[in-house]
Structure formats: structure tokens, C-alpha cells
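Single-structure report; data block below.
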Amino acid sequence: MSDATLHNATQNPDDFAVSISDSIESFIVAVTEVAKGDEPDSAVPFLLLEISQLLLTGGRLGAHEDIVPDERYEPDSGPEPDVDDLRERFATLLDPVDVYSEVFDPYVPRSEPVPCRVSDDLADIVTDLRHGLAHYRAGRVSEALWWWQFSYLSNWGPTASAALRALQSLVAHVRLDQPLDELDGLDTDSDDAGEDRLAEEAGKVMAAEIAGPLGLRRV
């Protein structure tokens, strides 16, 4: 099925649903494996690839006509799986480049950058995707598609885009032999994360120091 026709209401919705769910499940499985830390040298390249592929799926959802669920109110999908372990594993795996700066909405004039964490982003994305997957596996296909589309536009899409930009920037710094500036000590746990910053976090992080552990050896 051509992506160019995804907005067409005459397409087979089952084909679209299967394709979307397969992509989402593949992403969840892949990032869960990366979080185990068995191959730390490949962590950043794998995440760059997986998030890029997920955003293609998100783009298909965003380009699709509005999906309306069969039921007026969302059925209970059961308890949400805990993602704290996933979050903590990524925080350890990506240290000291977990924290980055992001502008939430580029169309809001004079928006101030705020600190974010790739580890938080990944955990939040997986939470959103799993929620829709629970509906899908329970046979509530329209509910799953509606949730994935809605949450792509409202949460996991912007979150994944921000994380991808951070990872792409990290790869570019290393591959182009451009040392990273001193980390500003952005504290995502601060009461006012957009304004308050710690004095220093880890000194000056050079590309040579992060290239090996994060799998970003220059070629």
C-alpha cells in the first residue's frame, strides 16, 4: 500500500492497522533490547535508526484522515506496565549525554529551550505505544489506531522528534570531529527546569571520550 494514499478512506483499514501495529511492536522490542546494555557500543546508532523508523510510522498516522474509535469512551486497557526500569537503564547507558536542550514548540515566539533527557523520552514513548498496543491486542483496533494517532500528534511524536534531533546532533559531533561544548548542567528535576541550571554537570565532554562507549567511532 502506497504511503501517498494513506489519507484515502477507501483503503483497507485492516492492512493499515497491521502495518502500524507491527512497526510499533518492533520498536518496543528493539529499544527494550538496547536498554539491556548487552551491546553498549551500538546503543546510539541503534536508537537513531529505531526512532527514525518509528517517526515514519508516526508520519503515516499524521497523514491519515482522522481516526474515529468505535466506542464513545475509551475502554479500560488495564494497568500500565512500569517503565521505570527502562528509564533507569537508558539513563545509565547514555550517561553523560542523556541531558539535552529542546524547544517544545518552534512556532511559539521566543520559546526558551528546556532541559530534557533521552532516557525520559524513550520511556514516555514506550508508555504511549504500549497503551495503544493493549487495545490492539484486545481486538479494539479502531481504539488503538485512534490512540496512536492522537498521542503521536500530542505527545510521542514531538518527544520522538526531539530525541532524534539530540541523537543526530550527537552523531554529527563525533563523526565531524566537533567537540561538544561544556554541559550546562541542565537539571530536569528542577522545579523550574527552563530557567534554573546546575553550576556544572560533568566538565567538558569531548567527542573522543564518548565515541567509544556509545558506539560512535569515527570512520
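The values are calculated or read from the model by the stated rules, or taken from the named source; none is laboratory data. Note that the coordinates shown come from a computational prediction; the quantities given were computed from them, not determined experimentally. Cβ placement follows ideal geometry from the backbone for every residue including glycine, while neighbour counts extend to all protein chains displayed. Note: accessible area is taken over every heavy atom of the protein model, side chains too, but ligands, DNA and RNA are not part of it. Shrake-Rupley method; radii C 1.70, N 1.55, O 1.52, S 1.80 Å.
Of everything in the stretch 2-25, what is at pLDDT 50 or above and part of a loop (DSSP other than H, G, I, E, B)? Give them in sequence order.
GLN11, ASN12
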| field | Of the criteria (1) modelled with pLDDT of 95 or more; (2) not in a helix (DSSP H, G or I), which one ASP38 fails | value | (1)
| Single unsatisfied condition, TRP156 versus (1) over 13 Å from the mean Cα position of the chain (by Cα); (2) crowded, with 18+ Cβ neighbours inside 10 Å; (3) among the aromatic types (Phe, Trp, Tyr) | (1)
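Return a yes/no flag: does the stretch 138-145 have any residue that is farther than 23 Å from GLU80 by Cα, surrounded by fewer than 19 Cβ atoms within 10 Å (Cβ to Cβ) and among the hydrophobic types (A, V, I, L, M, F, W, C). First the steps, then the outcome.
Just the residues of the stretch 138-145 that are farther than 23 Å from GLU80 by Cα, to begin with: none.
No - not one qualifying residue is present in the stretch 138-145.
For every residue, the table says whether it meets (1) among the small types (Gly, Ala, Ser); (2) more than 30 Å from VAL174 (Cα to Cα); (3) open to solvent by 30 Å² or more (accessible area, probe 1.4 Å).
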| residue | (1), (2), (3) |
| --- | --- |
| LEU55 | no, no, yes |
| GLU74 | no, yes, yes |
| SER119 | yes, no, no |
| ASP128 | no, yes, no |
| LEU133 | no, yes, no |
| VAL108 passes all but one of (1) closer than 18 Å to SER23 by Cβ; (2) open to solvent by 40 Å² or more (accessible area, probe 1.4 Å); (3) of a type in the set (Val, Ile, Thr); which number fails? | (1)
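Taking the conditions exactly as written (open to solvent by 70 Å² or more (accessible area, probe 1.4 Å), in contact with a helix residue (DSSP H, G or I) (Cβ under 9 Å, 6 or more places away or on another chain) and either in a helix (DSSP H, G or I) or of a type in the set (Phe, Trp, Tyr) (or both)), does GLU80 satisfy them or not? Break it down into steps so the answer makes sense when it comes.
Numbers: open to solvent by 70 Å² or more (accessible area, probe 1.4 Å): yes; in contact with a helix residue (DSSP H, G or I) (Cβ under 9 Å, 6 or more places away or on another chain): yes; either in a helix (DSSP H, G or I) or of a type in the set (Phe, Trp, Tyr) (or both): no.
Here the answer is no, as GLU80 does not meet what is asked.
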